[in-house]
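Read-outs throughout are calculated quantities, based only on the coordinates presented, and are distinct from any laboratory measurement. Quick caveat: nothing in here was measured; it's all calculated off a predicted structure. Virtual Cβ from ideal backbone geometry, glycine too; neighbours counted across all protein chains shown.
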Amino acid sequence: MTARTAGTALAAGVAVVLSVVVGAPAFAQPKAAGGQATVSVLHAVPGLTVDVYAGDKELLPDFAPGTLTDPMKLDAGSYDIKIFKDGEGPKGTPAIEKTVEVPAGANATLVAHLTADGKPALNAFVNDTSKVPAGKARVTVRHVAAAPAVDVRANGTAVFKNLQNPKEAKGEVAAGKVSADVVLAGTDTVAIGPATLDLAEGSNTIVYAWGSATDKNLALKTQTISGMHSAPSGVPAGETGQAAAHNQNMMVGALSLGAVLALVGAGLLLRRRADVS
């Protein structure tokens, strides 16, 4: 896959995914608000930088691979978004120009990434903000790398097995520090890590395995959502996350790749599910 092909394919996907999170009130024109969404975006495609505009206003310049945005509260409604290859806006012709709908009630992280065979893709994942038992922490692992199935280990023991792109796995463990690494499924061959994770009580630490095994640039990215050990409320989180401002028992389902690609032509619609498999 050439850089040009990757740029064209990802631009279409990123146009949808970024449009949900970048519309500031000054540039948004909601048709019928009716609620808000909480959305973060992870750019997990190596080697491609883009600029994001709302109308003629640059909102996310030089949006680089490995960047995870802070979560944003957005009014539901319509947003006019333009996506340019880095440095080509706003006077040039955008790769994508689209008015998209921001749905109410969403709490998700949208990820532009590579499929297992190295093609650009786009997926949406639920961020589980349900309460965590006292003394526990939630760990969520998402496989968004151009790599085969993997096992995720904590202190040398496989805790999530045979995880495939673009699936996720999650569980609740004792709060505290843990040494985590990613190995090829069923082996001891380390693909990523080890890395020390500080799992705070009442938090959801989300770990993304991203990059390309072929290009030898596999990496981990973490997102932390906190505040689930007490009544749900908006609580500042760690490096790249924050708790939802209300109970999220009714979750937004993760979108399949096929559904997301369809949204490029039809607009964004997150389907609700009880959980993500």
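For the stretch 128-225, the Kirkwood hydrodynamic radius from C-alpha pairs, put into Stokes-Einstein at 37 °C and a viscosity of 0.692 mPa s, yields a diffusion coefficient of 246 µm² per second. Modelled label positions at THR157 and THR187, each set 7 Å beyond Cα in the direction of Cβ, lie 2.5 nm from each other. For ALA149 and THR49, what does the FRET efficiency come to when R0 = 41 Å and r is the distance between their Cβ atoms, rounded to the nearest 0.05? Given R0 = 41 Å and the Cβ-Cβ separation, E is 0.90. Charge dipole (Cα centre; +1 on Lys/Arg Cβ, -1 on Asp/Glu Cβ; no other charges) of the stretch 128-225 amounts to roughly 140 debye. Legend: calculated FRET efficiency, VAL173 to GLU58, from the Cβ-Cβ distance at R0 = 35 Å, rounded to 0.05, equals 0.25.
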